[in-house]
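The structure appears right after this line, and notes come after that.
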Amino acid sequence: MFKINDYIMYGTTGICKVIDIVEEKDRNFIKKEYYVLNHIYENNTIIKIPTDNTKIFMRKILSKEEAEGIVENEKLSELIWIDSERQRNESFKALVKTGDFSNLVKLVRSITAKKKEKIALGKKLTQSDEIIMKNSEKLLFEELNIIFDFNEKEAHKYILNL
């Protein structure tokens with residue numbers, strides 16, 4: 001259970017702050033507790049989600065030490081790539097949906113490496129790879145901004161200069 005003022009990763013929406021926990025009646029007039037979330041980069045976005053939600057992934061953001069440990073471990077990890085565009089797209093989308101910090105680091109590193117490789121050959125990434133990279137970076141960089149107070153450029157450098 002989260003507390004008021006906790007920062008959480010909320011699905012693919014990104015980092016939200018728990019601004020309240022309220023009790024309201026649902027559609028069946030049954031009292032239920034809800035988190036009231038405010039997306040940190042879209043102040044006008046207020047989200048109410050049941051505290052017992054299991055459909056959309058939610059987790060508290062990492063501590064500085066946890067994030068550093070994961071990034072350090074990624075130095076030893078292999079990049080991931082699936083040659084079949086359809087399979088890669090499905091697999092990578094599933095990884096983004098987990099909201100897992102380690103998966104996001106791995107995706108950004110892997111797709112960026114493939115992008116550099118393709119550019120050297122005079123080619124470019126597929127549109128679906130670009131979209132997945134953009135979504136992964138958004139989620140990852142939002143979290144790094146809260147943890148380390150990094151801007152986007154600093155976050156990118158931190159992840160890629162492992």
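Taken together, the values in this text are just the output of simple stated rules run on the coordinates, not laboratory data. Predicted, not measured: the structure shown is a model, and the values here were computed from it. Note that each Cβ is placed from the backbone with ideal geometry, even for glycine, and that neighbours are counted across all protein chains shown.
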| field | the stretch 50-148: trypsin sites (Lys or Arg not before Pro) in DSSP coil with no more than 12 other Cβ atoms inside 10 Å | value | LYS55, LYS75, LYS123, LYS124
| note | Of all stretches in the chain that avoid GluC sites (Glu not before Pro) placed in a DSSP loop and having at most 16 other Cβ atoms within 10 Å, the longest is 79-162
| note | Rg from C-alpha atoms of the stretch 64-160, normalised by the globular rule of thumb 2.2 N^0.38 Å, equals 1.05
| Summing -39500 (n - 2.57) over the DSSP H runs of n ≥ 4 in the chain and dividing by its residue number, what mean residue ellipticity at 222 nm do you reach, to the nearest 500 deg cm²/dmol? | -15500 deg cm²/dmol
| task | Can you grab the distance from the C-alpha centre of the stretch 125-162 to the C-alpha centre of the stretch 20-75, Å, no decimals? | result | 20 Å
| query | Counting alpha carbon pairs within less than 8 Å and at least 6 residues apart, what relative contact order, in whole percent, applies to the chain? | reply | 20 percent
| query | LEU79: net charge of surrounding residues, Cβ under 12 Å, Lys/Arg +1, Asp/Glu -1, itself excluded? | reply | +3
| query | What label, among [x] 49, 31, 26; [y] 60, 33, 28; [z] 60, 50, 31, belongs to Cα extents along the principal axes in Å computed from the structure on display? | reply | [y]
| Sequence of ILE111, ILE46 once ranked by neighbouring C-beta atoms within 10 Å, starting from the fewest | ILE46, ILE111
| Applying 1/(1 + (r/R0)^6) with R0 = 30 Å to the Cβ-Cβ distance of LYS153 and ASP52, what FRET efficiency is obtained, to the nearest 0.05? | 0.15
| Within-12-Å neighbourhood charge of ASP6 [Cβ basis; K, R +1; D, E -1] | +3
| request: Quick one: net charge around ILE40, please, counting Lys, Arg +1 and Asp, Glu -1 for every other residue with C-beta under 11 Å from its C-beta. | output: -2
| For labels at ASN44 and PHE29 in the simple 7 Å Cα→Cβ model, what's the distance in nm? | 3.6 nm
